[in-house]
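Step one of this worksheet: look at the structure below.
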Amino acid sequence: MVTYPRPNQQYGLSFLLQPEVFASFAVTVFGLLAVGLVAAVTLYPAIKKQPGKVNLSHLGAVLVAFGSYFVFNTLFYSFAGGYVAHPSVWFEVIGPLHNPNLWAIALIAIGVPLIILERLKKTKGLYKKGDEKLASCLSGYGLVDGLAIS
């Protein structure tokens, strides 16, 4: 067990009911559950071996929401005073110094182009098969290779 500098550190439900811990914990439990459920519904066509029917706008929104969760945790950690103000395992877990957190924030840069791509597909005349400008723009994100756009 990690020892903390506070002599009266609380554990269990009393720890969870501290406002700053409860807010972050609720966003983690319910927010990530919602993102996971929406991701499962969005990717259901791919699970059923029909990847062409996956709505890229919804997939992009899921990626943006997942990345935004880590942005929220990083900002919450900073505004709440960090580990120094709240020396506990929870504030160590949500701390921004974990490399996977930073990589997950980068998912926003993949989700936004997916949303734009789907909207361009739905708008008549803005994307035609063989449009080199759009393809070169999106290829930087790796979105054109292997993606069937009609």
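Values quoted throughout were computed directly from the atomic coordinates according to the rules given, and no laboratory measurement underlies them. Small disclaimer: the values here were computed from a predicted structure and weren't measured. Ideal geometry is used to build each Cβ from the backbone, glycine not excepted, and the neighbour counts take in all protein chains shown.
Of the lysine pairs in region 13-139, how many meet both conditions: Cα atoms under 15 Å apart, and a spacing of 8 or more in sequence or different chains? Numbers along the way, then the final one.
Working: 53/121; 53/122; 121/129; 121/133.
Counting lysine pairs in region 13-139 gives 4.
How would you rank 90, 103, going from fewest to most other Cβ atoms within 10 Å of each one's own Cβ?
Working: 90 17, 103 11.
Arranged by neighbour count, lowest to highest, 90, 103 become 103, 90.
Would you grab the residues whose amide H sits under 5 Å from the one on residue 107? Only those 5+ places off in sequence or on another chain, please, with H modelled 1.01 Å from N.
The answer is none.
Tabulate in residue order the Karplus-calculated ³J(HN,Hα) for region 70-79, using 6.51 cos²θ - 1.76 cosθ + 1.60 with θ = phi - 60°, rounded to whole Hz; enter x for Gly and Pro.
Karplus values, whole Hz, x for Gly and Pro: 6, 5, 4, 4, 5, 5, 4, 4, 5, 5.
Are there trypsin sites (Lys or Arg not before Pro) in region 9-76 that DSSP marks as loop and that have at most 15 other Cβ atoms within 10 Å, and which are they? Can you show the working numbers first?
Details: sites: 48, 49, 53; in loops: 48, 49.
The qualifying sites are 48, 49.
Give the Rg/Rh ratio for region 13-139, taking Rg as the radius of gyration of the Cα atoms and Rh as the Kirkwood radius, to two decimals.
Values: Rg = 18.7 Å, Rh = 16.8 Å.
Value, to two decimals: 1.11.
For 59, 102, 43, 13, what's the fewest-to-most ordering of other Cβ within 10 Å of each Cβ?
Working: 59 20, 102 12, 43 16, 13 7.
Starting with the residue having the fewest Cβ neighbours, the order is 13, 102, 43, 59.
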